[in-house]
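So the structure is just underneath, and the comments pick up after that.
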Amino acid sequence: MKGRIRMIMNDARTRELSLFTRLAAAAILVATLAVTPILTANSEKPEFTGETINLILEEADLNDVLNTFSKIADIEIMVEPGVSGEVTTKVEGVPWDQALADILEEQGLEWTLEDSRLIVRHGEGTWSTLEEIENTSRLGAAGDNRIHKYVEGGTITEPIANEKVNPQYPPEMRKAGISGQVIAELVIDEKGMVQAVEILESPAEGLSDASTEALEQWTFQPATMDGKPVAVRYTVTLMFRLK
């Protein structure tokens, strides 16, 4: 807008304009200057007042990151079903609320404060209501937000296997001389039941299928956090050896 006005005022033909035209141009300039502060004020970023933090994350589970911020800020954070992702960032001397806002923006997520709780939702599509989020199942595609990642030495105790089922070595794999280790990530619920199996590494699909079939039958003493059973992602390794 300023550029357009500058062009009008600097045009050689304006020397011959009538007094009325000059006054009109001046009025446009004054109106523009009056509106500019309002537009600037509306486009300003929010002021962040949280305590400054230093944080280094590399491919960290988004929901574990949100759980960490919940403890840092002493605020309840609720997550819409299906929200997930990985976070890689380095933060130095930044207010925690600014760091969190930047992470959520990077993930394409929206957030609101409702009833003194921070609600994280998908950036697009139809939002779940607060009641729907509160009543969400803890597991699966609709409740991935409440599954913690077990890390050795962390605040979550390790789930202990009560019953293990050994995988059957597929005859075609044995005949082909295929052996090696299969690494899988299990989703274990608060009751110690395996709800999902994801193969992270495997020499062959046949060994992956055999491992999945066996691991789905395992049962555990559930992991705990602060003395309460919690759902976790837990990594196990199975070995297939040729005799």
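The values are calculated or read from the model by the stated rules, or taken from the named source; none is laboratory data. Here the structure is a predicted model, which means the values were calculated and not measured. Cβ sites come from the backbone with ideal geometry, for glycine too, and all protein chains shown count toward neighbours.
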**Tally, over segment 186-206, of residues that are touching a residue at least 40 places away in the same chain (Cβ under 8 Å) and surrounded by fewer than 18 Cβ atoms within 10 Å (Cβ to Cβ)** = 2
**Asked** Are any residues in segment 160-177 more than 30 Å from T224 (Cβ to Cβ), in contact (Cβ under 8 Å) with a residue 12 or more places away in the chain and not in a loop (DSSP other than H, G, I, E, B), and if so, which ones?
**Response** E172, M173, R174
**Message:** So if I check each of T126, T88, which one is part of a strand (DSSP E or B) and either at pLDDT 85 or above or more than 24 Å from V230 (Cβ to Cβ) (or both)?
**Reply:** T88
**Asked** Regarding L55, is this residue of a type in the set (A, V, I, L, M, F, W, C), on the phi < 0 side of the Ramachandran plot and modelled with pLDDT of 70 or more?
**Response** yes
**Residue that is surrounded by the most Cβ atoms within 10 Å (Cβ to Cβ), among those in segment 48-76 that are part of a strand (DSSP E or B) and of a type outside the set (A, V, I, L, M, F, W, C)** = D61
**Request:** Those residues that are of a type in the set (D, E, K, R) and either part of a helix (DSSP H, G or I) or on the phi > 0 side of the Ramachandran plot (or both), I need them from segment 91-120; list them, please.
**Result:** D97, D102, E105, E106, D115
**Request:** Filter segment 207-243 for residues that are over 27 Å from the mean Cα position of the chain (by Cα), in a loop (DSSP other than H, G, I, E, B) and free of Cβ contacts under 8 Å to residues at least 40 places away in the same chain and give the result.
**Result:** K243
**Request:** Give me the pairs, please: first residue somewhere in segment 106-135 and acidic (D, E), second residue anywhere and assigned to a helix (DSSP H, G or I) and at pLDDT below 65, beta-carbon distance under 9 Å, and either six or more positions apart or on two chains.
**Result:** E114/L130; D115/L130
